[in-house]
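I have a structure here, written as structure tokens, and I will follow up with some questions on it.
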Amino acid sequence: MTALFPETGAFLPHHHFWTEEAFAQERERVFGRCWLYMGVFDASGALSAEMAGLRFAVRRDADGRLSGERHDGARVRPLEVDRCGALVFARVAPEGADSHLAPTLAEHLHPYAERLAAMSVNCVNPEPPVGIPFQANWKALVENTMDDFHGSTVHPDTIHPAVHPDWQTHLATERHGANSDSRWVLADGTAGWWAKLDAKLRLAKFADEPFYRHIFIFPNFYLASFYGAVVIPHRVDPVAPDSSVLRWQLFLPTTRLDSPRERAFHRSTAAYLVTSAIGVIDEDRPVCEAVQQGRPAILGNGVYGRRERRILDFHAAMLAQLAGAAA
Amino acid sequence: MAEDTPDTRWFFLCAADDLANPNAFVTTRVGAIPLVAQNIKGEVVAFRNVCTHRFAVIHDAASGCGPLRCPYHGWSFDAAGVPVGLPFNPTDFQLDAEGRRRLALNPASLAMCGRLVFIRVAVEGPGLEAQMGADVFARLAALSNRFTRRGELIDLDPAGERIETANLRAVVAAAALRLEALPPPGAADRFARAWTFHPAHADAETPA
């Protein structure tokens, strides 16, 4: 049997998905301590984010120095800010005797720092950021994105036909503790569509790979990519115990955008891709919200199939993070 | 004696007619617990309306006609609540009979009073008649038998019934019940959902 019936203690208790108490604990021990994705700098050199009621602000000065602070009501603490390629991350600067034990950004991203940096080269030609609210706990969204086999039921007309018909054979999933990566081989028709787009737009590619890929970084970041070209950083922002916002930004990188015609085509293609992505997320939203509504009533621990182990990895990482000593 | 909590109380769900067709279902909530009563191959059964795999609510609609199948990963369940349709079971789960049995839906209770269907979260507890009282139970059962059946023409009672009374009889047969769903323990009040129960419609989709 490949299914895993988890024992109590091997995953987060169900009430962690709706109680104020668990939310407060996550606010302090997860979002108050971990490296968190802030975004990709634009010309303003400033980024801001709000997670679990904590406000983050980072900036890059004229000399390229990075700084920032976290606001927790009236309490302000300095942020440690670092980059992985174009991707900007921050965390509350560790204090105390054990501060030297806190992982560096590269350690936190392990083993994907190098791959993420290579992918982030494509964070050019940004589309406006998008935020889609979910009436569900942020972890329900994380579970959803790490679940590799709901395509045929939740996305039967969108993602599912876009990947190889024999996706089970071609799906490759890597698990490295809290972080993981999944990649699907694109269907021939989809890859052909991207090839035509490539010929017309001269896409910038970080790799020649006919894949839909996403790399998950604990606790709430994942970077999706198509065809080794388009990259879409996502972050799941907790708003309340039962609500969250999925924030993402699409980058359609090209090697050249010279003529008005090229720019117009790029604009319309990017708009099409953004609309398509919103369509896919609108399919995920009802099931995440159905889980939010259903979980308080369940009496068992569920079961995890061969392709759902990433979810338990996430639960294990959360349990470890929550078990950390109070700051 | 069982503690008198919302879980142990019977709540009106629907008329028996609403569950008469194969695959017909009616849902409700008691507190934070979604419930479903469903006709599966002629047998009317009740469960917590939550998939045991990854905890999604199975039927989102107040009523309708369709298999007991989770929208998330397509698991479907038989009249015992045991998952019988598991996409990718050979590759991803390899659940045998015992494994499936462990993942049976959490059962709920059903009871009839005449043509009225009542539902309860708890599997154990006093019967509907005991909770309601024998006299009220008998009167309600008798009354329910006078309710108009789905698709039935309403004739005036030959014993001098007025049209207003006949109209009332038709309306009462489709009585609406409002339940206030409570938040689960530890959740903020805004987690609660006000749930207005509308009885199944006569024009609900019928199975193919």
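The values are calculated or read from the model by the stated rules, or taken from the named source; none is laboratory data. Computed from a prediction, not measured in an experiment: that's the story for all the values here. Note that each Cβ is placed from the backbone with ideal geometry, even for glycine, and that neighbours are counted across all protein chains shown.
Whether any residue in segment A:61-71 is charged (D, E, K, R), touching a Lys or Arg at 6+ places or on another chain (Cβ under 9 Å), assigned to a strand (DSSP E or B) and away from every other protein chain (no Cβ under 14 Å) is what I want to check.
yes
Out of B:Phe118, B:Phe93, B:Phe137, report the one residue that is hydrophobic (A, V, I, L, M, F, W, C) and under 30 Å from A:His150 (Cα atoms).
B:Phe93
Given (1) under 29 Å from B:Phe12 (Cα atoms); (2) part of a strand (DSSP E or B), where does B:Val84 come up short, assuming only one miss?
Here B:Val84 meets the rest and fails (1).
Which condition number in (1) within 30 Å of A:Asp242 (Cβ to Cβ); (2) in contact with a Phe, Trp or Tyr (Cβ under 6 Å, 6 or more places away or on another chain); (3) aliphatic (A, V, I, L, M); (4) within 14 Å of another protein chain (Cβ to nearest Cβ) is the one that A:Leu171 fails?
Condition not satisfied by A:Leu171: (1).
For A:Val291, all conditions in the list (1) within 18 Å of the chain's Cα centre (by Cα); (2) among the β-branched types (Val, Ile, Thr); (3) outside any strand (DSSP E or B); (4) within 27 Å of A:Glu28 (Cα to Cα) hold save one; what is the number of the exception?
(1)
What number goes with the only condition from (1) within 13 Å of another protein chain (Cβ to nearest Cβ); (2) more than 22 Å from A:Leu4 (Cβ to Cβ); (3) free of Cβ contacts under 8 Å to residues at least 24 places away in the same chain that B:Phe47 does not pass?
(3)
Quick one: in segment A:139-166, which of the residues that are over 20 Å from the mean Cα position of the chain (by Cα) and among the acidic types (Asp, Glu) is modelled with the lowest pLDDT?
A:Asp166
Still on this model: Among residues belonging to segment B:75-86 that are in contact with a Phe, Trp or Tyr (Cβ under 9 Å, 6 or more places away or on another chain) and surrounded by 17 or more Cβ atoms within 10 Å (Cβ to Cβ), point out the one that is farthest from A:Gly151 (Cα to Cα).
That would be B:Gly81.
For segment B:59-72, state whether one or more residues are within 14 Å of the chain's Cα centre (by Cα), surrounded by 24 or more Cβ atoms within 10 Å (Cβ to Cβ), more than 9 Å from every other protein chain (Cβ to nearest Cβ) and at pLDDT 95 or above.
Yes, because at least one residue in segment B:59-72 is within 14 Å of the chain's Cα centre (by Cα), surrounded by 24 or more Cβ atoms within 10 Å (Cβ to Cβ), more than 9 Å from every other protein chain (Cβ to nearest Cβ) and at pLDDT 95 or above.
When you look at A:Arg65, is it crowded, with 18+ Cβ neighbours inside 10 Å and out of contact with any strand residue (DSSP E or B) (no Cβ under 7 Å at 6 or more places or on another chain), yes or no?
Answer is no for this residue.
Checking the condition buried (at least 21 other Cβ atoms within 10 Å of the Cβ), aromatic (Phe, Trp, Tyr) and either within 30 Å of A:Glu28 (Cβ to Cβ) or in contact with a helix residue (DSSP H, G or I) (Cβ under 8 Å, 6 or more places away or on another chain) (or both), which residue from A:Phe265, A:Phe206, A:Phe221 passes?
A:Phe221
Follow-up question, since we're still on this one. Have a look at B:Val44, B:Val26 and point out the one that is surrounded by fewer than 23 Cβ atoms within 10 Å (Cβ to Cβ), in contact with a Leu (Cβ under 6 Å, 6 or more places away or on another chain) and of a type in the set (A, V, I, L, M, F, W, C).
B:Val44
Determine if segment A:132-147 includes at least one residue that is surrounded by fewer than 19 Cβ atoms within 10 Å (Cβ to Cβ) and out of contact with any Ser or Thr (no Cβ under 9 Å at 6 or more places or on another chain).
Looking for residues that are surrounded by fewer than 19 Cβ atoms within 10 Å (Cβ to Cβ) and out of contact with any Ser or Thr (no Cβ under 9 Å at 6 or more places or on another chain), one finds at least one in segment A:132-147, hence yes.
Of A:Phe11, A:Phe23, A:Phe31, A:Phe56, which residue is surrounded by 14 or more Cβ atoms within 10 Å (Cβ to Cβ), within 14 Å of chain B (Cβ to nearest Cβ) and within 16 Å of A:Val236 (Cα to Cα)?
A:Phe23
Oh, and also: Considering B:Ala2, B:Ala15, B:Ala32, B:Ala56, which residue is modelled with pLDDT under 95 and within 14 Å of another protein chain (Cβ to nearest Cβ)?
B:Ala32
While we're here: Quick check on segment B:158-169. Is at least one of its residues at pLDDT below 70, surrounded by 11 or more Cβ atoms within 10 Å (Cβ to Cβ) and among the acidic types (Asp, Glu)?
no
Can you tell which of A:Leu246, A:Leu250, A:Leu273 is touching a strand residue (DSSP E or B) at 6+ places or on another chain (Cβ under 8 Å), closer than 22 Å to A:Arg202 by Cα, crowded, with 21+ Cβ neighbours inside 10 Å and modelled with pLDDT of 95 or more?
A:Leu250
If I filter segment A:7-16 for residues that are assigned to a strand (DSSP E or B) and of a type outside the set (A, V, I, L, M), do I get at least one hit?
no
A further question on this structure: Are any residues in segment B:102-127 modelled with pLDDT under 95, part of a loop (DSSP other than H, G, I, E, B) and of a type in the set (A, V, I, L, M), and if so, which ones?
none
Kindly indicate whether B:Thr91 is facing chain A (nearest Cβ under 7 Å), assigned to a loop (DSSP other than H, G, I, E, B) and β-branched (Val, Ile, Thr).
In short, no.
Then there is this: Which of the residues that make up segment A:80-111 are exposed (fewer than 12 other Cβ atoms within 10 Å of the Cβ) and either in a strand (DSSP E or B) or under 20 Å from the mean Cα position of the chain (by Cα) (or both)?
Result: A:Glu107, single match.
At pLDDT 95 or above, small (Gly, Ala, Ser) and under 28 Å from A:Ala140 (Cβ atoms) - does that describe any residue in segment A:211-229?
Looking through segment A:211-229, at least one residue is at pLDDT 95 or above, small (Gly, Ala, Ser) and under 28 Å from A:Ala140 (Cβ atoms).
Any residue at all in segment A:306-318 that's within 7 Å of another protein chain (Cβ to nearest Cβ), surrounded by fewer than 20 Cβ atoms within 10 Å (Cβ to Cβ), more than 30 Å from B:Arg120 (Cα to Cα) and modelled with pLDDT under 95?
Yes, that holds for at least one residue.
Something else: Does A:Pro129 qualify as being within 30 Å of A:Ser268 (Cβ to Cβ), within 12 Å of chain B (Cβ to nearest Cβ) and not acidic (Asp, Glu)?
In short, no.
Would you list the helices (runs of 4 or more DSSP H) that sit entirely within segment A:115-211 and hold 2 or more residues that are in contact (Cβ under 8 Å) with a residue 12 or more places away in the chain, of a type in the set (A, V, I, L, M) and on the phi < 0 side of the Ramachandran plot?
In segment A:115-211, the matching helices (runs of 4 or more DSSP H) lie at A:138-145, A:159-162, A:188-201.
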